[in-house]
1. Pairs only if they're at least six apart or on different chains, beta carbon under 9 angstrom, first in the range 58-84 and within 17 Å of Gly16 (Cα to Cα), second at pLDDT below 90 and part of a strand (DSSP E or B); list them, first residue then second.
2. Right, Asn91: surrounded by fewer than 19 Cβ atoms within 10 Å (Cβ to Cβ) and free of Cβ contacts under 8 Å to residues at least 24 places away in the same chain or not?
3. Does the range 168-199 hold any residues that are without any contact (Cβ under 8 Å) to a residue 12 or more places away in the chain and in contact with a helix residue (DSSP H, G or I) (Cβ under 8 Å, 6 or more places away or on another chain), and which are they?
4. Condition first: of a type in the set (Gly, Ala, Ser) and farther than 30 Å from Thr136 by Cβ. Now tell me which residues in the range 157-199 satisfy that.
5. Filter the range 85-139 down to the residues that are in a loop (DSSP other than H, G, I, E, B) and of a type in the set (Gly, Ala, Ser), then identify the one that is farthest from Leu29 (Cα to Cα).
6. Give the residues of the range 130-145 that are of a type in the set (A, V, I, L, M) and either at pLDDT below 95 or under 20 Å from Gly181 (Cα atoms) (or both), sorted by residue number.
7. If you scan the range 42-88, which residues turn out to be more than 14 Å from the chain's Cα centre (by Cα) and surrounded by 23 or more Cβ atoms within 10 Å (Cβ to Cβ)?
8. So in the range 99-110, with the set limited to residues that are touching a Phe, Trp or Tyr at 6+ places or on another chain (Cβ under 9 Å) and not basic (Lys, Arg), which one is nearest to Gln77 (Cα to Cα)?
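The values are calculated or read from the model by the stated rules, or taken from the named source; none is laboratory data. Bear in mind that the values here come from a model prediction, so they are computed numbers and not experimental data. Cβ coordinates were reconstructed from backbone atoms using ideal geometry, including for glycine residues, and neighbour counts include every protein chain displayed.
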Amino acid sequence: MPPSDHSTATLILASGSKYRLKLLKQIGLHPATASPDIDETAAPNEHADTLATRLSTEKAYSVAKNHSNALIIAGDQTCEVNGKILGKPGNAEAARHQLSLCSGKEAIFHTGLCLLNTASNRCQVYTERVLVDFRTLSPQEIDRYIEKEPAFDCAGSFKMEGLGIGLFKRIRSDDPNTLIGLPLIKLCEFLRNEGVSVI
């Protein structure tokens, strides 16, 4: 059930991600933010989509501990190439390695979404796939990209909303926002289920 009084429910983004916050602002939402405290390590043999789903849910519940009447939005994204999960590179060397692995291949991005109503404990969860075909990239192109746009805090080492678009041959997705960090079409549906409309 939705909360009894939507006007008093606090909207919270369970993330420190500036990319997810920007997406929410694009649709007129201005949530408070809280960084969840969870272990993001994949379990042994855990599949990339299962990991994205689990982490998005754990992030929401981590933040929920301190909020009794809130709608908490949480997301997580994993990148999978040839069955291998690629996380956030963190530095240029790891980014170079990731982009070399992606060169000429299909990467599957799994973006988990969780909307948790802490008043009712209703938890809506969804994970969307985006298929990305990378061009064959030369070492020089990879180096230039890393120099111009060091996306060390992004799974797969690129920003689709920036120069990363030049790395691809094509993208297959139901929602262009998913690759940036949140499937907004599904989020709007979840919010409507809670009596909250962005329009």
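1. Sorted first by the residue in the range 58-84, then by its partner, the pairs are Thr78/Leu86.
2. Working: surrounded by fewer than 19 Cβ atoms within 10 Å (Cβ to Cβ): yes; free of Cβ contacts under 8 Å to residues at least 24 places away in the same chain: no.
No.
3. Ser197
4. Kept after step one, since they are of a type in the set (Gly, Ala, Ser), are these residues of the range 157-199: 157, 162, 164, 166, 173, 181, 195, 197.
Answer for the range 157-199, where residues must be of a type in the set (Gly, Ala, Ser) and farther than 30 Å from Thr136 by Cβ: Gly195, Ser197.
5. Kept after step one, since they are in a loop (DSSP other than H, G, I, E, B), are these residues of the range 85-139: 87-91, 103-105, 118-121, 135-138.
Subset that is of a type in the set (Gly, Ala, Ser): 87, 90, 103-104, 119-120, 138.
Working: Gly87: 28, Gly90: 29, Ser103: 36, Gly104: 38, Ala119: 20, Ser120: 21, Ser138: 40 Å.
Per the criteria, the residue is Ser138.
6. The first filter runs over the range 130-145 and keeps only residues of a type in the set (A, V, I, L, M), leaving 130-132, 137, 142.
Those that are of a type in the set (A, V, I, L, M) and either at pLDDT below 95 or under 20 Å from Gly181 (Cα atoms) (or both): Val130, Leu131, Val132.
7. Start the filter on the range 42-88 by keeping residues that are more than 14 Å from the chain's Cα centre (by Cα), which leaves 42-47, 61-72, 81-85.
Result: Val63, Ala70, Leu71, Ile72.
8. So the first thing to find is which residues in the range 99-110 are touching a Phe, Trp or Tyr at 6+ places or on another chain (Cβ under 9 Å), and the list is 99, 102-107.
Cutting the leftovers down to not basic (Lys, Arg) gives us 99, 102-104, 106-107.
Values: Leu99: 17, Cys102: 16, Ser103: 20, Gly104: 21, Glu106: 16, Ala107: 13 Å.
Step by step, filter the range 99-110, then rank; the result is Ala107.
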